[in-house]
Amino acid sequence: MREQMRETKPISSKAEKWRAPVFLGSGAKVLAFDQTLRNTGYVLLVDEVGGPVIKLSGMIQPEGDSRGSFIDTYARGLHLFESVKELLGSIVDLVDEVVIEMPPVGRAFRSESSLIAGQMIFAAVKKSWSMEPILVSNLSMKSKLLSPKERSAKPTKSDVKRVVESYVERPSGRWNEHVVDATALGLTRLIKERSWG
């Protein structure tokens, strides 16, 4: 009897709940960062009627200090803070929201790099614009942009890049994993379901 009940019980699948992202052409302008103390990618995305468009993209590679690991870390953090403030000053009227990656937790490699870099960007945005950046996790990004089938195969950087390129046209500047990841975070924020985050 248990076997019969098991067979007739409706199966609830995450695949049924997932829907491909929808962009409404709302005109929303999101500046997104994929941050570390060595390589921080950023993009300015606009949700246009024909789909999201990258208006600006680039890299910040903070300079360090050769005197030691902690001094080097702090120097890179300070340089990132100043570089982000300079970037923000040049695009003040072009941004509605700022997104930064939620730093990884647990056993992630060099998780403090993402945490400190995120803190510097958070501080630069608050100081420059009195705006609080929105944190988007890597997990949220994958659940919004990738189908369950793509997620179940433990997606690689190239998988994320392929999916991102299906939503936006590749910019003419640098297009490496940091800029791609920033784009993925920004796209996640632009998806029509704005109630989360």
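Here the Karplus relation 6.51 cos²θ - 1.76 cosθ + 1.60, evaluated at θ = phi - 60°, turns the backbone of the stretch 154-165 into coupling constants of 6, x, 8, 4, 5, 5, 4, 4, 4, 5, 4, 5 Hz, with x for every Gly and Pro.
For the chain, what is the charge dipole size about the Cα centre, in debye to the nearest 20, if Lys and Arg each add +1 at the Cβ and Asp and Glu each add -1 at the Cβ? Please report the intermediate quantities before stating the final value.
Values: 29 positive and 24 negative charges, 161 e Å.
Computed charge dipole of the chain: roughly 780 debye.
Rounded, prolate or oblate, given the Cα gyration tensor of the chain, with a/c below 1.5 counting as rounded?
On the way: a/c = 2.28, a/b = 1.57, b/c = 1.45.
It comes out prolate by the Cα gyration axes.
Amide H to amide H, with H built 1.01 Å from N, residue 168 comes under 5 Å of no residue 5 or more places away or on another chain.
If you count the DSSP beta bridges with both ends in the chain, what percent of them are antiparallel, to the nearest 5? Present the calculation step by step, with values, prior to reporting the outcome.
On the way: 15 of 22 bridges.
Restricted to the chain, the bridges split so that about 70 percent are antiparallel.
Amide H contacts under 5 Å for residue 137: 102, restricted to partners 5 or more places along the chain or on a different chain, H placed in the peptide plane at 1.01 Å from N.
Full extension of the chain segment joining residue 177 with residue 105 gains 23.9 nm, where the gain is 0.36 nm per residue of separation less the Cα-Cα distance.
Using helices alone, what [θ] at 222 nm do you get for the chain, with -39,500 (n - 2.57) per DSSP H run of 4 or more residues, divided over all residues and rounded to the nearest 500?
Details: 8 runs with 90 residues, N = 197.
Taking each H run of at least 4 residues, the total per residue is -14000 deg cm²/dmol.
Considering only 81, 141, 152, the residue lying farthest towards the positive end of the dipole of the chain is 152, judged by Cα position with unit charges set on Cβ. Angle of helix 69-90 to the longest C-alpha principal axis of the chain, folded into 0 to 90 degrees and rounded to 10: 90°. Note on residue 159 and residue 49: with the Förster distance fixed at 30 Å, the Cβ-Cβ geometry gives a FRET efficiency of about 0.60. Which angle from 0 to 90°, rounded to the nearest 10, does the C-alpha axis of helix 177-190 make with the longest principal axis of the chain? Taking Cα atoms only, the helix is inclined about 60 degrees. With the simple model of a label 7 Å out from the Cα in the direction of the Cβ, residue 96 to residue 70 spans 4.4 nm.
Across the chain, Cα pairs under 8 Å and at least six residues apart give a relative contact order of 30 percent.
None of the figures in this text is laboratory data; all of them are computed from the coordinates on show. What you are looking at is a predicted structure, and each value in this text was computed from that prediction instead of being measured. Here Cβ is always computed from backbone atoms with ideal geometry, including for glycine, and neighbour counts include all displayed protein chains.
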